[in-house]
Amino acid sequence: MQDTALLVLPLPIMTALLGGAIAALILRLDLGSRSATVLFAFLFALLSFSSLLVGLRFGYGLEQVVLIQRTSPLLVGPLLYLGFAAFVIPKERFSRAVLLHLSIAFIVIVIVLLSPRPIYALDWVITLSYLFYLVGLWRLWRRGPDYLIHAYFDVSQRVSNWMLRGMVLLSVILLFDTVIALDFMLNEGRNAKTLISLASIPFFIGLLAFIFVLPSMMSAPRAKSEALLQGERDNNVKLEHEARELLMSTQLYLELDLSVQRLSRRLHVTARALSVAINRTQDMNVSQYVNRFRMEHAADLLRGTDESVAKVMAQSGFLTRSNFYREFQRVYGCSPAAYRKGK
């Protein structure tokens, strides 16, 4: 057991130092969203802090840190998810998302810290948190790079790839945390140091590999000339104007099966070029852009006809009632019925 302790002690401490260095380097990244950069830096700082606590607890026997060490993983899932969500969620809604996800994690942490008795279900709450955010990350990733509206065009594919790696990281943490929790449940933690040793080795190697990748990410192609950037902006403005003209003249937005691929074919451009143009000029994705036209059409019908809300929804290109009501509330700040009554 003494040999195992010697293995456990350096690795978590070394991992903590490496994680702290990565957190500092990440703050220098420029991927298009400053919020994402800050959240990822906080994530690696948290992982560094957690590794330090593990080293102090299992290497030096400092049980005083056990509560903080056991509750800090509750923040891993939210920070990882929000870091990538910062590239997807419109800016006006993102602050609410941050408040919601982090508040829930902090409330659970406070409850555990203030509880007079140990909360034995904590490990399973952490497991459920990991699973919840794995699903959330998968839903973000499956949308594809076109939905990363706040990522620079030339790094959006790279961000999408790192989202996939983030899911792998969260899955590995989930696996090892579950195994360690089971050991405490079944064996009173007699194998904890060995398990932590095994977990620390691949984690340390992964961080070491990541720190060598970071310089290439920090030197991402941001050094374009001002003339080239202005040319790109002009092209994006022109393409967005053409999309608007097409949608308005043909009312294509009323078609239920309208997709970014179909719209881009009508404009004789690639789906990616259209997505970038909408993202850069309107700060939204193509789906939200099309829904804006649908909302204006629905508002006109509510003001000028006596059609039921259900018929207005169907005539405005929406397939589901929930999507229609959610979008209407987001755009106009009230329900369709309240909007009609107010007008």
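The values are calculated or read from the model by the stated rules, or taken from the named source; none is laboratory data. The structure displayed is predicted, hence computed values, not measured ones. Neighbour counts run over all protein chains shown; Cβ positions are idealised from the backbone, glycine included. Heavy atoms of the whole protein, side chains included, go into the accessibility calculation; ligands, DNA and RNA do not. Shrake-Rupley method; radii C 1.70, N 1.55, O 1.52, S 1.80 Å.
Please note which helices (runs of 4 or more DSSP H) are completely contained in the stretch 29-90 and include at least 2 residues that are under 23 Å from the mean Cα position of the chain (by Cα) and of a type outside the set (D, E, K, R).
34-54, 76-85
Return the pair list, or none, for Cβ contacts closer than 9 Å from residues in the stretch 278-297 that are farther than 15 Å from residue 239 by Cβ to residues that are of a type in the set (Gly, Ala, Ser) and surrounded by fewer than 21 Cβ atoms within 10 Å (Cβ to Cβ), at least 6 apart or on different chains.
287/259
Would you confirm whether any residue within the stretch 238-252 is modelled with pLDDT under 80 and open to solvent by 70 Å² or more (accessible area, probe 1.4 Å)?
No, every residue in the stretch 238-252 fails to be modelled with pLDDT under 80 and open to solvent by 70 Å² or more (accessible area, probe 1.4 Å).
Which one of the conditions (1) open to solvent by 30 Å² or more (accessible area, probe 1.4 Å); (2) more than 22 Å from the chain's Cα centre (by Cα); (3) more than 28 Å from residue 238 (Cβ to Cβ) does residue 323 fail to meet, given that it meets all the rest?
Against the list (1) open to solvent by 30 Å² or more (accessible area, probe 1.4 Å); (2) more than 22 Å from the chain's Cα centre (by Cα); (3) more than 28 Å from residue 238 (Cβ to Cβ), residue 323 comes up short only on (2).
Do you know which residues across the stretch 151-163 are open to solvent by less than 30 Å² (accessible area, probe 1.4 Å) and of a type outside the set (Val, Ile, Thr)? Don't jump to the end; show me each part of the working.
Step one: list which residues in the stretch 151-163 are open to solvent by less than 30 Å² (accessible area, probe 1.4 Å), which gives 151, 155-156, 159-160, 163.
Scanning the stretch 151-163 gives 151, 156, 160, 163.
Just one of (1) open to solvent by 20 Å² or more (accessible area, probe 1.4 Å); (2) more than 28 Å from residue 151 (Cβ to Cβ) trips up residue 331, so point out which.
With respect to (1) open to solvent by 20 Å² or more (accessible area, probe 1.4 Å); (2) more than 28 Å from residue 151 (Cβ to Cβ), residue 331 is out only on (2).
Residue by residue, here is whether (1) open to solvent by 70 Å² or more (accessible area, probe 1.4 Å); (2) assigned to a helix (DSSP H, G or I); (3) touching a Lys or Arg at 6+ places or on another chain (Cβ under 7 Å); (4) at pLDDT below 75 holds:
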| site | (1), (2), (3), (4) |
| --- | --- |
| 149 | no, no, no, yes |
| 165 | yes, yes, no, no |
| 170 | no, yes, no, no |
| 175 | yes, yes, no, no |
| 181 | no, yes, no, no |
| 185 | yes, yes, no, no |
| 189 | no, no, no, yes |
| 197 | no, yes, no, yes |
| 200 | no, yes, no, no |
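If you go through the stretch 305-314 one residue at a time, do you hit one that is under 30 Å from the mean Cα position of the chain (by Cα) and not aromatic (Phe, Trp, Tyr)?
Looking for residues that are under 30 Å from the mean Cα position of the chain (by Cα) and not aromatic (Phe, Trp, Tyr), one finds none in the stretch 305-314, hence no.
Which one of 106, 132 is open to solvent by 90 Å² or more (accessible area, probe 1.4 Å) and under 13 Å from the mean Cα position of the chain (by Cα)? Show your work before the answer.
Details: 106 fails: under 13 Å from the mean Cα position of the chain (by Cα).
Just a single option satisfies the conditions, and that option is 132.
Here are some conditions: (1) farther than 24 Å from residue 326 by Cα; (2) open to solvent by 50 Å² or more (accessible area, probe 1.4 Å). Residue 273 meets all but one. Which one does it not meet?
Here residue 273 meets the rest and fails (2).
Here's the yes/no breakdown for (1) touching a helix residue (DSSP H, G or I) at 6+ places or on another chain (Cβ under 9 Å); (2) at pLDDT 85 or above; (3) surrounded by fewer than 22 Cβ atoms within 10 Å (Cβ to Cβ):
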residue: 46; (1), (2), (3): yes, yes, yes
residue: 53; (1), (2), (3): yes, yes, yes
residue: 63; (1), (2), (3): yes, no, yes
residue: 72; (1), (2), (3): yes, yes, yes
residue: 80; (1), (2), (3): yes, yes, no
residue: 84; (1), (2), (3): yes, yes, no
residue: 95; (1), (2), (3): yes, yes, yes
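Checking the structure you have, find out if any residue of the stretch 94-104 is in a helix (DSSP H, G or I), closer than 14 Å to residue 33 by Cα and not β-branched (Val, Ile, Thr).
Looking through the stretch 94-104, at least one residue is in a helix (DSSP H, G or I), closer than 14 Å to residue 33 by Cα and not β-branched (Val, Ile, Thr).
Restricting the search to the stretch 284-300, which residues are open to solvent by 30 Å² or more (accessible area, probe 1.4 Å) and touching an Asp or Glu at 6+ places or on another chain (Cβ under 9 Å)?
Within the stretch 284-300, 292 is the sole residue that qualifies.
Of all helices (runs of 4 or more DSSP H) completely enclosed by the stretch 237-322, which ones contain at least 1 residues that are more than 23 Å from residue 336 (Cβ to Cβ) and out of contact with any His (no Cβ under 6 Å at 6 or more places or on another chain)?
Passing ranges, in order: 260-267, 271-282, 286-304.
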